[in-house]
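S.K.: Structure in structure tokens, see below.
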Amino acid sequence: MPITTFSNVDDGLEPNQRQRGHFITNIDVDDKRLWVPYAEGVWFQPCCFNLTSGGFTVLLKGLPSAKLGVHYHVGTVRGYTIQGHWRYLEHDWVAKPGTFIYEPAGEAHTLVVTDDSPEPALIMFMVEGGLIYLDKPANGSLAAYEDGFSALELCRKYYRDAGLDARRLDALIR
Ligand SMILES: [Fe+2]
């Protein structure tokens, strides 16, 4: 007999036992202070730190010609391009405004904003689980590790150093 009525999914916990409710946050792409430096010519603004799955969601900004080191994903990634042109060196497509990508776990890739991108790239990335930066594209070894926890620490340090209110980050933790 199929289910015919729905309401809310209930985990059986009292509301005060649970910290995984819905929330919203607002990104301000024009506020330079809110962009957390990540790599040469690359910044991000955090949307969610999923410390249950280990993943995170960010809006990434990259200047034309900027590059993110080759990295391997232990979980899936979804991305949506808001502006700019970018690609992975390992694929033959170029993402443009409106391009959605789905990346399976187990893929290593190198993100570059194209030299001829008409504007900085803005990409929303929803990352499940950690990513492992490699020292070389093929048969690489661990160079660095990133996940929701390390991204939160990076943001907290930047917010402290920049005089921003780090409580804003706490509100993004699930
Ligand atoms: Fe990636």
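S.K.: Can you work out the FRET efficiency for the pair residue 16 and residue 53, with r the C-beta to C-beta distance and R0 = 25 Å, to the nearest 0.05?
M.R.: Details: r = 23 Å, r/R0 = 0.91.
Efficiency for this residue pair is about 0.65.
S.K.: Then there's this: Given the chain, what count of lysine pairs have C-alpha atoms under 21 Å apart, with each pair 8 or more places apart or on different chains?
M.R.: Lysine pair count for the chain: 7.
S.K.: For a label point 7 Å from the Cα of residue 29 along Cα→C-beta, name the residues of the range 43-69 whose backbone N is under 16 Å from it.
M.R.: It comes to 43-47, 58-64, nothing else.
S.K.: Identify which of 131, 60, 51 has the largest mean-square fluctuation in a Gaussian network model of the chain, with springs joining Cα atoms closer than 10 Å.
M.R.: Looking only at 131, 60, 51, the largest GNM fluctuation is found for 51.
S.K.: Another one. Over the Cα atoms of the range 1-122, what is the Rg over Rh ratio if Rh follows Kirkwood?
M.R.: Reported Rg/Rh, Kirkwood definition of Rh: 1.07.
S.K.: Let me ask something additional. Magnitude of the Cβ-charge dipole of the chain, K/R +1 and D/E -1, about the Cα centre, nearest 20 debye?
M.R.: The dipole magnitude comes to about 300 debye.
S.K.: Let me ask something additional. How large, in Å, is the range 51-169 by the Kirkwood hydrodynamic radius built from its alpha-carbon pairs?
M.R.: Across the range 51-169, the inverse of the average 1/r is 15.0 Å.
S.K.: Same structure again: Sequence-distant or interchain residues sharing an amide H contact under 5 Å with residue 51, placed H: which?
M.R.: Result for residue 51 returns 174.
S.K.: For residue 156 and residue 4, what does the FRET efficiency come to when R0 = 45 Å and r is the distance between their Cβ atoms, rounded to the nearest 0.05?
M.R.: 0.45
S.K.: Based only on the alpha carbon positions, what is the Kirkwood hydrodynamic radius of the range 67-130, in angstrom?
M.R.: 11.8
S.K.: Highest GNM mean-square fluctuation, the chain, Cα pairs closer than 10 Å: which of 89, 122, 68?
M.R.: Highest fluctuation among the options: 89.
Bear in mind that the values in this text are calculations on the coordinates, not laboratory data. Please read all numbers here as calculations on a predicted model, not as lab measurements. Cβ atoms come from the backbone with ideal geometry, glycine included; neighbour counts cover every protein chain shown.
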